[in-house]
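The values are calculated or read from the model by the stated rules, or taken from the named source; none is laboratory data. All values derive from a computational prediction rather than experimental measurement. Cβ atoms come from the backbone with ideal geometry, glycine included; neighbour counts cover every protein chain shown.
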Amino acid sequence: AQSVTQLGSHVSVSEGALVLLRCNYSSSVPPYLFWYVQYPNQGLQLLLKYTSAATLVKGINGFEAEFKKSETSFHLTKPSAHMSDAAEYFCAVTNNNAGNMLTFGGGTRLMVKP
Amino acid sequence: NAGVMQNPRHLVRRRGQEARLRCSPMKGHSHVYWYRQLPEEGLKFMVYLQKENIIDESGMPKERFSAEFPKEGPSILRIQQVVRGDSAAYFCASSPRERGTGELFFGEGSRLTVL
């Protein structure tokens, strides 16, 4: 069984401030981990993914995430928030047994203040 | 180079009516996944299909919901006798293979409102 917990359903930062969105996972086998972004009334777009290569993963729009096995975490960060980053962010997990059937966290809504 | 296409984007139904949601996967993709997003919640897996086969429907409600992916044409998620609790965004995703690194390509969703 696998699961994802995203701490904080809403996060608010000022423009230019650090963005940190938390994700902890549970998986009985080595995981594949993903961050997706959803803009209002749109589908999900892949930001980045971890698939057992480098533990620090860089994605689009300046985001990155670090896989920490000891902490079962995959937190998403961006050094400097931009207004256009305001969206809902979802962490997801799968593994080699589950194939492409992703399990999603509850999502974190990021608000960026001017 | 079209992505995953879903229609309708918005659908309004009265209680007791039927809702049909369609999904055309990306070109070359033969694996389709349906997810449901309830208001203020994350995405929940519903069903995984390949052409003409249901592979996993562990997330589908036992009654009123069905899905298909025929040899020709789009995948269809069908909800019979809709109730207000069915109001949600339904997302379709596709992938080119069963097992890869798990990346799914999502459509923009179909938002069902039940009056």
(message) Between B:Gly109, B:Gly42, which is within 12 Å of chain A (Cβ to nearest Cβ), at positive phi and crowded, with 19+ Cβ neighbours inside 10 Å?
(response) B:Gly109
(message) Going through B:Arg99, B:Arg36 one at a time, which residue ends up being at pLDDT 90 or above and within 14 Å of chain A (Cβ to nearest Cβ)?
(response) B:Arg36
(request) Within the range A:1-21, track down each residue that is out of contact with any His (no Cβ under 8 Å at 6 or more places or on another chain) and within 14 Å of another protein chain (Cβ to nearest Cβ). (result) A:Ala1, A:Gln2, A:Ser3, A:Val4, A:Thr5, A:Gln6, A:Leu7, A:Gly8, A:Ser9, A:His10
(message) Given the criteria part of a strand (DSSP E or B) and at pLDDT below 95, does B:Ile55 qualify?
(response) yes
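Residue-wise test of (1) at pLDDT below 95; (2) surrounded by 15 or more Cβ atoms within 10 Å (Cβ to Cβ); (3) among the hydroxyl-bearing types (Ser, Thr, Tyr); (4) over 13 Å from the mean Cα position of the chain (by Cα).
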site: A:Phe63; (1), (2), (3), (4): no, yes, no, no
site: A:Ala81; (1), (2), (3), (4): no, yes, no, yes
site: A:Ala98; (1), (2), (3), (4): yes, yes, no, yes
site: A:Gly105; (1), (2), (3), (4): yes, yes, no, no
(request) For the range A:37-59, state whether one or more residues are closer than 19 Å to B:Gly107 by Cα, modelled with pLDDT under 95 and in contact with a Ser or Thr (Cβ under 7 Å, 6 or more places away or on another chain). (result) yes
